[in-house]
Every structure is written in structure tokens, then in C-alpha cells.
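Participant: Take a look at the following structure, please.
Derivation of every value follows stated rules applied to the coordinates shown; laboratory data play no part. None of these values were measured; they are calculated from a predicted model. As a convention, Cβ positions derive from the backbone with ideal geometry for all residues, glycine included, and neighbour counts pool all protein chains shown.
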Amino acid sequence: MATQGFQAIAQARRLLVATSMGLLAALAAAQTQTQTAPPPVESFFQHPAVLQAKLSPSGRSLAISTSRGGQRVGLVVLELDAAIRARRVAAFSDADITRFDWVGEESLVFQVHDLQAGSGMDYERAPGLYSVRADGSQLRTLVKRRGQFVREASGASRREPLEWNHVLLSVPSSGPLAGGAEVLIGEGIINQGRREHIRPLWLDTSTGRTRKADQGKDAPARVSQWLFDPSGRARFAVERLEDKLRYHWRDLDQGWQLLAEGTLLKMPYQPVRVEDDGTLYVTRSRGPEGHQALYRYDFKAAQVEQEPVASTPGFDFAGGLISDAGQTLGLRVATDAETTVWFAPAMRRFQAEIDASLPGTINHISCRRCGEPDMVALIHAYSDREPGRYWLYHAASKRLQAVSTVIDGVDPRQSASVDFQRIKARDGRDLPVWITLPRGVAPGQPAPAVVMVHGGPWVRGGHWRWEAEAQFLASRGYLVISPEFRGSTGYGEAHFRAGWKQWGQAMQDDVADALLWARAQGLADPQRACIAGASYGGYATLMGLIRHPELYRCGIAWVAVTDMQLLLEGSSWVSDDVNDIARRHTLPEMIGDLKTDAALLREVSPVLQAARIKAPLMLAFGSEDQRVPLAHGLRMRDALRAAGREPEWIVYAGEGHGWRKTENRVDFYKRVERFLAQHLGQP
């Protein structure tokens, strides 16, 4: 599809979303409803009732991973005939089914986690892989959970499964293997605890037997990433040696050829998808800000095509092509909100009909026999106020039928609205900012603010959708300000690279500038603000109290990086999951070099600047965190105590890099609620 046409549709969609969100002033003016009692903390931090929903390849069945009807998340299959019949086909007493895929029309494969255990358990147990027939028979363990079996239902197969280091790579959706029992898995080759490369295998989900996947002649050896076409043929390989990367392409007639070389931090493009006809889609940056766009690769010219297939001005391309039965039907991307561009006129009309029937939501359509008179469609409808609902549509009867809510007990009428703004940072750089505005805030009456700094930091933080943390804070009357500070991804390579070696400096100033802007707009109380965040966001919380103490009354930092030397160098006394390649090649360039940037790193290491923190501070850590080990928290707590500044201190046993147990999530946010009320006062 022509780029210009896509841009026009995307712009129209963003205008539609903007209309549903409203401009800040209009939104504030409209939200003058009488305050009601806020929802309980538990309603925000429960696990979703539905994790996934997927139509079978024919559309005759719908599979749902859900906790409804049991104490754990199980797998339910609905037969979509005249009278819908539901059957729970897999469930365990000590694990939850968290991801699944259809394998043909009659079988499914799935992975499990223990959602009732702390997140630290993920370091000890792999998710495994299991298969089951759609009628609930022939439950089979295909891949172990790092030596541990979940308790299976009676009649489960006892054939010896594969070891835990095997992962699902792809399920063929076209070609001779589509609809069969085989899936592609990858055997992770482990060296000194780190996965060095992946060896692809075919796995028969009905028997547990494997066979070697055809990689072609002279396939590259140390492949860390494979791309398969929809028929399951290996076509693209990323080979890694230390920090060097090589892209290889497989011509089915001529074999493998080298396409590009570079480093972990600099490759000319990124592979996205391969079609059966050999079309390779990639993303690369374009324009002065380096926004990623979607392109085809031209093999005759041995380069990426000049004109993009699709671009999203102001945003990096994020999304993918929509296919059904081997036919490409459209394109789905994320700008501020999700946008779907259908190429087929019948699907464009259907999207318009669904949007009219379900107004005010993003309506994500997946379908079988798309656009045909007997089409079956699954619609996931969600918004900034609505966590999501699933609907089924039968074209033959033109019936739109409710299936399930995603999270129970959330009333969209009590939810806050989310707005997306672009402001100017103090040095003139564009700074995207998300604003979650509490209900009942009247014009000219600014709210106390919580500046919520996302983790990463090299990720995109926000999207136009319901988010538990921001909604919880807004329900308590706080304006939530979430900046996409430089270093965040999703907004162009220039924005991303502008954050390199700027921890605690320009990245921190961006966070402050977002608060100052909200105060200048009359949205944020000029005297009452706290800063909060997890991981890098926890680091930025500490540095905000150090660098801009005049802006914040308090801070809440959890699983926070506190010690730059421990992060960049590691310690033989402290176990973490930061690999040696990152410490040798990427972190010195992106954060700082311990030798050449020693003075800078001392200045921006919270544990060395703890005496400068004067505001009240809450610190929380997981006892089993390997990403930011508990040692970071202990060192920061001790430094604060030495300075006479005792923090509120919490350690959650069994948790890793974030809280997964519902009771811990609820406990933490009740503490947050009390802490903010104490230091910001009642809104």
C-alpha cells in the first residue's frame, strides 16, 4: 500500500482517538461528575480473568486461557456452532497456562507459569511446553520445566519430554505442514549459563518425537535468531559472535548468502517477516529523527527499497502484517493508539461497522475467511478506560456476541482518561508525555501529581490503553505524568541515542520538564508532587530527589538501580543476569565507561549521593531479583541510614524484578496509597 495513503488513514485514526480522548482542557471541563468512593486496590491488581483468546485455523472453535471456573488459569475451548459449547481442556493444580497456540484444528500447545508464586520463581523454572487435543484428551508434556513436572490430569502421556532449554519458535500456517501435528522448536545451546545459539528442530506434538529442521546447505553456525516463512522454512538467520552481528538470507535455490554485518548497537536494518514467496520485510530509520519505517528488501539491488511500505510520522513503526490463509489482508501498527489498515474493501467496511457498534474503543479484529459471507471474527475491544472485552461476530447471521471481559470488576465510567502530548524539553528536543487525568478535576483546580518514570530505560513506556498503576493513582485523585524521556524507544533513533550517557543528566531533566509543563498548563499542583518508578524508573526517582529536590515532596522507588559500579562491573559476591557481552560492549557506550567516565558515574550513582536526598523515600525490592539484585537496595538503605535518612523499607520474599503474587501487589499499592496521602495530602 502506498505510504501516503497509509499515513492519511493513520492520521485519521489518530484524530478519531484524539476525539475520544479529548483535548486536555475539554477533558477537564467534562469531568465534573460527583466523586464516588474509589474502587478497592484489589480491583486494579488482580490477575486478568482472560489472558489470551484465539480462533482455530478454521474458525470453528475459540480457545481461551482463563481462570474462570477454577483456582488456576486453564485452557478452555468453545465450539462455535449454533449452540456454543465450552470445555476446559487443560488445567493444573500448581501452574497457570499463560501462552498457547493452535496446532491445526484439533490440537493446541501451551506454556505454564505459577502465577501464585513470586516472580523470582521464573529464574528457577522454565515455562515448559505441553500439548492437548481440543477435546481435552492426550495431554502430553513436550518440554520439561527445568526438571520439574507439573501435576498432570489422569491419562496424560508419560513419554520422556525434552529438556527445559527447548522453546517454541513457530507454528506453520501455510504449505504442506500447515494443519499437521509438527511445530518448530529451538534447542538453546547453553555455555556457562548463557544461551549462545539456537538449533531448530521439528517436534511432533502428538508423539513428542523430534527431527532435524532443514536449514539448507552451509547454514550459519551460531544463530541467535531465526526467521521462518509461514510454511516453516528457515529463510533468515542472525549470527552473533561477541558484539558482532551478521545477517544471512537463504535463497531456496542458491542457499545462504551474507546480507549485512554490524554490531549489537548498529545494524543497517532489522528483520521483521518473511513471506512464502521470499518477500523480506525489514525496518530501518529514515528522516532527520530516524523514525523506523517498514520496507521490503530488494535482492536484485542487494539493498533495502527506497520507498517504505508504511511509515508512522512521529513514531517508529511497530506492528505487523495481517494474514489469513496465506493472503495478506492489511497492516496493524501502533502510533499513540493502535491503527488497522485493511487492504481489502470488504474488511474496511467491516471494521467501520464494528467501530460503529462498539464506539469509543480500539477494536482489534482477528478473523477466519476474512471478508467472506461465512466469516468468523474475534474482536478485542479496549480503550484507555476499558481493560478489554472479547466479542464474536458471525457474518452468516450478522450476530455480535459478547464472550468475556478481560479483567472483572472494572467500571469504565470510573476510569480516568489518558492523553498523549508532545512538549518541548529545556534544550528544545521534542518530548512525548502521557497524562492520566483523575476524574472530577475541575478546570483551574490542579491535582497533586505523581511523576511515573518507566523502566528499561530503552523501551517505549506508554500506549493509549488501560494501565493498572496509572488508573489506580488517578482513582485516588492524583494526576499521573509519564514522560517518554530521551533514551526511550519508539520515537526515532535520534531520541533513543540522545539518552546515551545521560543517566541522571538530560534524561533526568526530561522528567522534570514534564512536571514543569503540567504545572504551567494548570494541571499539576505547583507544590504537591512525588516521583515514582521501578527499575530504571526507580533509579530516576532517586536521582530526581538528588538533582531536583525542589520539585518533589517524596519518592517511591522499587527494584531500583542504585549503584552504577555494581550495574556496570558486577560482583563475584552478587549474582545477576547482566551478561558479560553487555558489560564489555553495550553498557559502557550507553551508560558510561567505568574508567573514562568515572567522574560522571560517581555524580549519577545514587548510592554515592544518598546524603543529598532529603525528601521521604519508600524503597522496595524482591529477594530473588536477578536483574537488579537486592544488594542495590541494601547498599542504598545503608547509605541513607548513614546520612540519617531512614527510608520506608520493604522486601518481598520470593519476588524477582517486580511483584507477581496478588497479595504482594495489593500490599505494595496500599502502602503507596498511605505514603502519598501522608506526604501529598488528600487530593
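Participant: Tell me whether segment 621-671 comes out rounded, prolate or oblate; compute the Cα gyration tensor, take square roots of the eigenvalues as a ≥ b ≥ c, and use a/c under 1.5 as the rounded threshold.
Facilitator: Cα axes put segment 621-671 in the oblate bin.
Participant: Taking a spot 7 Å from the Cα of residue 630 along the direction of its beta carbon, which residues of segment 644-683 have an amide N less than 11 Å from it?
Facilitator: Under cut-off, by backbone N: 651-656.
Participant: If you don't mind, another one. Checking the a/c ratio against 1.5 first, then a/b against b/c, what shape does the Cα gyration tensor give for segment 186-285?
Facilitator: Oblate is the answer for segment 186-285, as a/c is 1.5 or above yet b/c matches or exceeds a/b.
Participant: Follow-up question, since we're still on this one. Compute the acute angle (0 to 90°) between the alpha-carbon long axis of helix 536-547 and the principal axis of greatest extent of the alpha-carbon atoms of the chain; round to the nearest 10°.
Facilitator: Compared with the principal axis, the helix lies near 20 degrees.
Participant: Turning to a different aspect of this structure: Place a point 7 Å from the Cα of residue 305 along the Cα-to-Cβ direction; which residues of segment 316-335 have their backbone N under 19 Å from it?
Facilitator: Under cut-off, by backbone N: 317-324, 327-333.
Participant: Would you give the gap between the C-alpha center of segment 399-428 and the C-alpha center of segment 465-531, rounded to a whole Å?
Facilitator: If we compute the Cα centre of each part, the gap is 17 Å.
Participant: From the phi angles alone, apply the Karplus equation (6.51, -1.76, 1.60; θ = phi - 60°) to segment 339-353 and give each ³J(HN,Hα) in whole Hz, x where the residue is Gly or Pro.
Facilitator: 10, 10, 10, 8, 7, 7, x, 4, 6, 5, 5, 5, 4, 5, 5
Participant: Calculated from the structure, mean projected area of the Cα convex hull in nm² equals which of (i) 31.9; (ii) 29.5; (iii) 39.3?
Facilitator: (ii)
Participant: If R0 is 30 Å, what FRET efficiency do you get for residue 72 and residue 195 from their C-beta distance, rounded to 0.05?
Facilitator: About 0.55, to the nearest 0.05.
Participant: Now, a different point. How do 207-213, 615-621, 556-562, 342-348 rank on mean C-beta neighbours within 10 Å, highest first?
Facilitator: The peptides rank, most packed first, as 556-562, 615-621, 342-348, 207-213.
Participant: If each of residue 500 and residue 87 carries a label point 7 Å out from its Cα toward its Cβ, how far apart are those two points in nm?
Facilitator: With each label placed 7 Å out from Cα toward Cβ, I get 5.6 nm.
Participant: Past the 32 Å Cα-Cα mark, which pairs from 398/661; 424/614; 501/614; 244/501; 144/595; 144/661?
Facilitator: 398/661; 144/595
Participant: Wrap a convex hull around the Cα atoms of segment 411-680, take a quarter of its surface area, and give that in square nanometres.
Facilitator: Convex hull of Cα atoms, orientation-averaged projection: 14.0 nm².
Participant: Shifting gears a bit: Roughly speaking, what is the stretch gain from residue 611 to residue 404, that is 0.36 nm per residue apart minus the C-alpha to C-alpha distance, in nm to one decimal?
Facilitator: The residue 611-residue 404 span can extend by a further 69.3 nm.
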